[in-house]
1. Confirm whether Gly105 is part of a helix (DSSP H, G or I), modelled with pLDDT of 95 or more, out of contact with any helix residue (DSSP H, G or I) (no Cβ under 6 Å at 6 or more places or on another chain) and more than 22 Å from Arg148 (Cα to Cα).
2. Scan region 113-124 residue by residue and report those that are in contact (Cβ under 8 Å) with a residue 24 or more places away in the chain and either under 16 Å from the mean Cα position of the chain (by Cα) or not in a helix (DSSP H, G or I) (or both).
3. Kindly indicate which of Thr75, Thr114 is β-branched (Val, Ile, Thr) and modelled with pLDDT under 95.
4. Please find, among Gly127, Gly76, the residue that is surrounded by 15 or more Cβ atoms within 10 Å (Cβ to Cβ), in a helix (DSSP H, G or I) and out of contact with any Pro (no Cβ under 6 Å at 6 or more places or on another chain).
5. Can you tell me which residues in region 72-88 are of a type in the set (Val, Ile, Thr) and either closer than 18 Å to Thr144 by Cβ or touching a strand residue (DSSP E or B) at 6+ places or on another chain (Cβ under 7 Å) (or both)?
Amino acid sequence: MNYTLIIHNVLRWAVLIFGVWAVVSALGAVLSKRSYSSRDNKTSLFFMISCDIQLLLGLILYFTGMWFENMKTNTGAVMKDAAERFFAVEHALMMIIAWLLVHVGRSMVKRADTDAQKHKRTLIYFGIALLIILAMIPWPFRQTGIARQLFPQF
């Protein structure tokens, strides 16, 4: 049993919860013109930390599993197979892009001069990152080979 994969699967829910929480909070703040608080900062911090842990687990899975090895030895075959391409290239690359957006967004929020700018930047950067994350999760309704269960079987 691959415990790293199980943890990676379960942690997806923390990433989604903190991401939705941060985006909904920023949207509410933009609409209500609420000031940026320490609670907003903590929400974005929790989202970033959960993304960091998720990326670390994903990289461990990628480099110790078959995806990286398949890319090294038979790139052409991987690129022709939708399921293998999804995990070896698309999922990995897009999740790294989402992770970068979260980190850049958090940095941009810290540099913002006004509370309104902080909330707008949170909404933009975290919102785009969350959309990418949602699009790249191997949901059960995805095509065969890509689809994974919502919760791991223990």
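The values are calculated or read from the model by the stated rules, or taken from the named source; none is laboratory data. On a predicted model such as this, the values are computed, not experimentally measured, just so you know. Cβ sites come from the backbone with ideal geometry, for glycine too, and all protein chains shown count toward neighbours.
1. Numbers: part of a helix (DSSP H, G or I): yes; modelled with pLDDT of 95 or more: yes; out of contact with any helix residue (DSSP H, G or I) (no Cβ under 6 Å at 6 or more places or on another chain): no; more than 22 Å from Arg148 (Cα to Cα): yes.
No.
2. Going through region 113-124, the residues in contact (Cβ under 8 Å) with a residue 24 or more places away in the chain turn out to be 115-116, 118-120, 122-123.
Listed by number, the residues that qualify are Thr122, Leu123.
3. On the way: Thr114 fails: modelled with pLDDT under 95.
Thr75 is the lone residue from the list that is β-branched (Val, Ile, Thr) and modelled with pLDDT under 95.
4. Details: Gly76 fails: surrounded by 15 or more Cβ atoms within 10 Å (Cβ to Cβ).
Unique residue meeting the criteria: Gly127.
5. Of region 72-88, the ones of a type in the set (Val, Ile, Thr) are 73, 75, 78.
Result: Val78, single match.
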